[in-house]
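The values are calculated or read from the model by the stated rules, or taken from the named source; none is laboratory data. This structure is a prediction, so every number in the text was calculated from the model and none was measured. Because the Cβ atoms are built from the backbone with ideal geometry, glycine has one as well, and the counts that use them run over all protein chains shown.
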Amino acid sequence: MIGSYLKTAARNLLRNKLFSAINIVGLAISMSVGLLLIAFLLDLRSYDKFHKNGERIYRITSSLTENQEQRGKFATASIKTGKLIRQKITGIENVAILRNDFAQDATVGTTTLPIKGFWADPSVFNVFTFPMLEGNPATALKDPYSIVLTQTAAKKLFGNQPALGKSLTINALDYQVTGVMKDVPFFSHIDFEALVSLATAEQLNRTNGNFEKWTNISANYVYLLLPAHADIPSIQSQLDAIAREENLAEADTKIQLGLLPLSDIVVGESLRRSEGSGSGGPHMPPAVLWILAGLALVVVLSACFNYTNLSMARAMRRFKEVGLRKAIGAGKSQIWQQFLMEAVLISLAALLLSYLLFLALRPQLLSLAPEIQRTVKLELTPAMAIVFIIFSVMVGIVAGFMPAFFFSKVSAISTLRNASSAKGFKYVTLRRALVVVQYTLTLIFITTTAVGYVQYKHILAFDLGFRTENILNINMQGNKPDALLKELGEIPEVTALSRSLIITSIGNAWGGYMTYADSRDSALVMTNHVDENYLPLHGYKLLAGGNFSTRPATANAVSEVIVNQQVLKRFNIATNDPQQAIGQQITFSNFQLHRRKMTIVGVMKDFHYGKVDNLIEPVAFMPWTAEDRAVVNAKIQSTDMLATRARIEAAWKKIDRIHPFEAEFYNDAIEAAYSEFSAMIKIIGFLSILAISIASMGLFGMMVFTTETRLKEISIRKVMGASSGNLVYLLSRGFLVLLSISALIALPVTYLLFERVVLTKFPYHTPVQGAELFVGLLTVLLIAFIMIGSQTIKAARRNPVDVLKSE
């Protein structure tokens, strides 16, 4: 029976080559998007699967409250938290503590190379599955100044010589290589070249009272290995008890601890990372995955609508076939199976083409944003191939469900007597509804792309409140900037130089808590440490006061601060009068400074410290000191930027031959800061092209069929005097009405979607304009007119004699 179904399906595909091609190509295009999404999801779900006990590993999270204000949920926890868990909590197997601020230059002989990794305690090899090739995992990280290298790092530093037992120098201190392990797999949320004993960090910070403080959650990660069938509520209650006890000693800061399964780190709740914590691994919010899945589903359904519409439109040609099958004994289930088999066969044929499209689209997706390339590979695996086939069969079933249901309900007597009288023709309303839905979704795609692109360009051109043109920001990577400043000062094209701690307006943040006068009211104020050249180089506007008058050598010597208008408003300093605010004192504290009084020496006009999707917030500038990390800001005036950049890079190599030159023009950095937004617009734009292509193929197929079935009517009307224009209008009128209905639905929906949902998150957006909405409509109408017009004109030009001669 199945063989019969396959033969019949294959014959129908070959007999109707045009419609089969439309269905196969349409499904292939849409399914390629589905394949990309499936590969994307499978890659994300592949993270950390190589750990033997992965399902029993949890990370500790910290929910921070300061001054009775929620600061968010962090992926990090203090070192003290890890040690308290190890001492006090029962019902756990092991605890691993990692600190993510190890990035140093390692010297072996005359070779010095940068190396990155974690400070880690010996338990890391008990909790995680990182196979050791040389050395004892139980003792490799026990003693201070012990280091474990990955295979690649060992070869990079020691070449083909054995690394175990050798020493290397970091910051004038000798470290012994106590182990060599396999390279960390790509699908690991923890990535490193080396693990250094946590005992080393403890010894280096033995005079730092903040290092193991309960509230110091910066850069530390704590992982638990739980036994099988662990009592999670009991462990959580013990964590709560630890938090309650430790919070008693803190006046303004409270921390609540939580458990996060290893499988939810990459795909799960979005957590914050505190200052200096670096990267906690790749992460993809579930909301993004749901959005992408929804968009892919829309494109796949559009192709399924094509199949349904074309199958039901060609019903008259299949009614006699169905009637004969029923007359010789076929039941509803057999008719149902026949048409589902046909749809699945088309879907499987489309799968072959869609996989070729998948291979072509994969590099394009990976290149959309650097984060995507670092997160997924999208390489075909046996498991992925099986899922692809299952997906193809499911698409075939969805596409063939309505036609199968439609034909299985057909009465044998009515179809053999008069096919046109079959009650199945009542489904013509459903076909029209599917066309409306399909084009509504297509219009939403296109108009969303147009509106999103305009908003994106508006963001990039937005006035941030300072100048960014032709400013090259150079990361000093731990080097002191004085030598580079001297070299750059000799390059004529470099017209101004300054130093700063961070680059603002691209998502970087540094801050602390400020109070005014003797009030206990404190607020988070974002900061940057800058030298006296920074404000004039970037064109900040001072409303009162002046630049820094001192150049402190250390952070503890900082006594001046320049604030923006929002600081005055937040604390009501001098009734918000910039002139009167000069000379007022504030108190500031953060991880580096502990409640230090400072004098306001300048008030600057408000500017965007963060991204433009955030409101302007209180900001303070403080003097840059030699203790701060440095970014050199170089203002360039040149007719040949590439040549000038090459000269600057040559100057860098004079002072640092180890680290590669890391520099980026400010405007490029701003564009990169919105790469996720840009990638989303590109994805939606790409999907809109696919959606309109699929819809247009479906419309073309419908018009071919309609003109074929109405050829005699067209010929008679032409004999009666109808012009070609009248015939084009007659045949296209129904489709144009459906497109008009789609436009009346899609345009208001898109407008409300942006004005009421999307753009509410961007307080400085530009209003949605009518031109952005109608550009999509005009595009769809133009393509539809070409599809409709090409077939109707062709039908209208046929000689009536050739059509009616057999009547």
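Residue count for the range 137-157, restricted to those that are more than 38 Å from the chain's Cα centre (by Cα) and not hydroxyl-bearing (Ser, Thr, Tyr): 4.
Summed over the range 687-710, residues that are crowded, with 23+ Cβ neighbours inside 10 Å and without any contact (Cβ under 8 Å) to a residue 40 or more places away in the chain total 0. In the set (1) more than 38 Å from the chain's Cα centre (by Cα); (2) closer than 21 Å to residue 306 by Cβ; (3) of a type outside the set (Asp, Glu), residue 730 fails one condition alone, (2). Return a yes/no flag: does the range 132-140 have any residue that is on the phi > 0 side of the Ramachandran plot and either surrounded by 15 or more Cβ atoms within 10 Å (Cβ to Cβ) or not assigned by TED's automatic domain parsing to the domain that holds residue 242 (or both). Yes - at least one qualifying residue is present in the range 132-140.
Please tell me if residue 350 is small (Gly, Ala, Ser) and closer than 17 Å to residue 37 by Cβ. Taking the combined requirement at face value, the residue satisfies it.
Any residue in the range 220-241 that is out of contact with any helix residue (DSSP H, G or I) (no Cβ under 8 Å at 6 or more places or on another chain), buried (at least 16 other Cβ atoms within 10 Å of the Cβ), more than 22 Å from residue 128 (Cβ to Cβ) and at pLDDT below 95? No. Test residue 521 against the criterion of being under 28 Å from residue 473 (Cα atoms) and not assigned by TED's automatic domain parsing to the domain that holds residue 209, and give yes or no. Judged against the criteria, residue 521 is not a match. Counting the residues of the range 547-559 that are crowded, with 19+ Cβ neighbours inside 10 Å and either touching a Pro at 6+ places or on another chain (Cβ under 6 Å) or not assigned by TED's automatic domain parsing to the domain that holds residue 586 (or both) gives 2. Consider the range 204-218 and keep the residues that are at pLDDT 90 or above and among the hydrophobic types (A, V, I, L, M, F, W, C). The one that is nearest to the chain's Cα centre (by Cα) is 214. Residue count for the range 455-485 under the criterion of being at pLDDT 90 or above and either hydrophobic (A, V, I, L, M, F, W, C) or touching a Phe, Trp or Tyr at 6+ places or on another chain (Cβ under 8 Å) (or both): the result is 14. The set of residues in the range 464-493 that are outside any helix (DSSP H, G or I) and more than 36 Å from the chain's Cα centre (by Cα) comprises 490, 491, 492, 493.
One line per residue, one yes/no per condition, for (1) at pLDDT 75 or above; (2) within 30 Å of residue 466 (Cα to Cα); (3) β-branched (Val, Ile, Thr):
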{"residue": "702", "(1), (2), (3)": "no, no, no"}
{"residue": "720", "(1), (2), (3)": "yes, no, no"}
{"residue": "724", "(1), (2), (3)": "no, no, no"}
{"residue": "737", "(1), (2), (3)": "yes, no, yes"}
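If we only count strands (runs of 3 or more DSSP E) wholly inside the range 560-643, which ones have 2 or more residues that are surrounded by 15 or more Cβ atoms within 10 Å (Cβ to Cβ) and either over 36 Å from the mean Cα position of the chain (by Cα) or hydroxyl-bearing (Ser, Thr, Tyr) (or both)? Passing ranges, in order: 560-564, 585-589, 596-604. Only residues that are of a type outside the set (D, E, K, R) and in contact with a Lys or Arg (Cβ under 9 Å, 6 or more places away or on another chain) were counted across the range 489-512, and they come to 11.
Hey, any hits in the range 626-636 for a residue that's touching an Asp or Glu at 6+ places or on another chain (Cβ under 6 Å) and of a type outside the set (Ser, Thr, Tyr)? Yes, that holds for at least one residue. The C-beta contact set for the range 437-463 (first residue touching a residue at least 60 places away in the same chain (Cβ under 8 Å) and farther than 30 Å from residue 699 by Cα, second residue among the acidic types (Asp, Glu) and surrounded by fewer than 20 Cβ atoms within 10 Å (Cβ to Cβ), distance under 7 angstrom, 6+ apart or interchain) comprises 460/671.
So that you can scan it fast, the table gives a plain yes or no per residue for (1) modelled with pLDDT under 95; (2) hydroxyl-bearing (Ser, Thr, Tyr); (3) surrounded by 21 or more Cβ atoms within 10 Å (Cβ to Cβ); (4) touching a strand residue (DSSP E or B) at 6+ places or on another chain (Cβ under 8 Å):
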{"position": "148", "(1), (2), (3), (4)": "no, no, yes, yes"}
{"position": "161", "(1), (2), (3), (4)": "yes, no, no, no"}
{"position": "165", "(1), (2), (3), (4)": "yes, no, no, yes"}
{"position": "172", "(1), (2), (3), (4)": "yes, no, no, no"}
{"position": "176", "(1), (2), (3), (4)": "no, no, no, yes"}
{"position": "182", "(1), (2), (3), (4)": "no, no, no, yes"}
{"position": "191", "(1), (2), (3), (4)": "yes, no, no, no"}
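Is it the case, given these coordinates, that residue 64 is buried (at least 21 other Cβ atoms within 10 Å of the Cβ), modelled with pLDDT of 85 or more and under 29 Å from residue 284 (Cα atoms)? Answer is no for this residue. Residue check: residue 64 meets all listed conditions (1) within 26 Å of residue 130 (Cβ to Cβ); (2) in contact with a strand residue (DSSP E or B) (Cβ under 9 Å, 6 or more places away or on another chain) but one, namely (1).
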